[in-house]
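Below: the structure, in structure tokens.
The values are calculated or read from the model by the stated rules, or taken from the named source; none is laboratory data. Values in this document were obtained by computation on a predicted structure and should not be read as measured data. Neighbour counts run over all protein chains shown; Cβ positions are idealised from the backbone, glycine included. With ligands, DNA and RNA removed, areas are computed over all heavy atoms of the protein, side chains included. Shrake-Rupley method; radii C 1.70, N 1.55, O 1.52, S 1.80 Å.
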Amino acid sequence: MNITKGDVQELRRRLKKTECTFGRLCGCYVNSGKQIVTKFTEQFSELEEDEYYKYLEIAKKTFSGTLGANLLELEFDRSDSGIEHQKYLLTLKDSKLANEELLDRLYEQVIEEYSYPGNYLIVVYHDVYDVPARATSGEAQEESEEIYEYILCAVCPVELSKPALGYREEENRIGARVQDWVVGAPENGFLFPAFTDRNTDIHNLLYFTKNAEMDQPDFLDHFLGCV
């Protein structure tokens, strides 16, 4: 059984203020020297409104693109290494991102295997989706059919804004605008476990790549343990 476009769309449709059920949000900001600048943990529902929508947009982008190109269903390698990665991700999911040691392991492995020359942000979400049953007609019913618990991870570039002129209100004049570091749309990410035929699939994950022609073999093989 393969992940379908409908599976992806069902999860993506939930990423709006009225339906989103993300619990914990965690992250790690990494500089170009592969050093951790800062880490954070938040309850998603308690984020300030502007931040809430920005993080929600990052999650949406991680579900964007075409299946088979930008979104790839990957199976865990059945070697000892692949099984170990699968067990680790299951443990991380079951911790609901409340275990700092498990999170640090995630950050360290991404930093070690992810190939990117600049600064970037690692964002991890935890969610529990009470999947409604489908009536014969295809319409959603109220009773639950499946409890789908998952983690979603996104890796976003952080780049210095371009030099520009702007209005300096305190000085009441036009002058050089202060440059700052801006988080961009995710370049890569993954969903685990996979959501296949509206069910939990612990043997696969959904991998996202913004550029289907840019490969990350070490990230896929060594960090995710997938083939």
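Here are some notes:
- Selected residue (criterion: nearest to residue 190 (Cα to Cα)) from residues of region 68-88 that are charged (D, E, K, R) and modelled with pLDDT of 90 or more: 73
- Residue 224 vs. criteria hydrophobic (A, V, I, L, M, F, W, C), open to solvent by less than 80 Å² (accessible area, probe 1.4 Å) and in contact (Cβ under 8 Å) with a residue 12 or more places away in the chain: yes
- With a requirement of 1 or more residues that are within 22 Å of residue 198 (Cα to Cα) and open to solvent by 40 Å² or more (accessible area, probe 1.4 Å), the strands (runs of 3 or more DSSP E) lying completely within region 1-110 that satisfy it span 71-75.
- Annotation for region 38-45: no member residue is over 18 Å from residue 153 (Cα atoms) and among the charged types (D, E, K, R).
- Options 187, 145: the member that is touching a Lys or Arg at 6+ places or on another chain (Cβ under 8 Å), surrounded by 18 or more Cβ atoms within 10 Å (Cβ to Cβ), among the acidic types (Asp, Glu) and touching a residue at least 24 places away in the same chain (Cβ under 8 Å): 187
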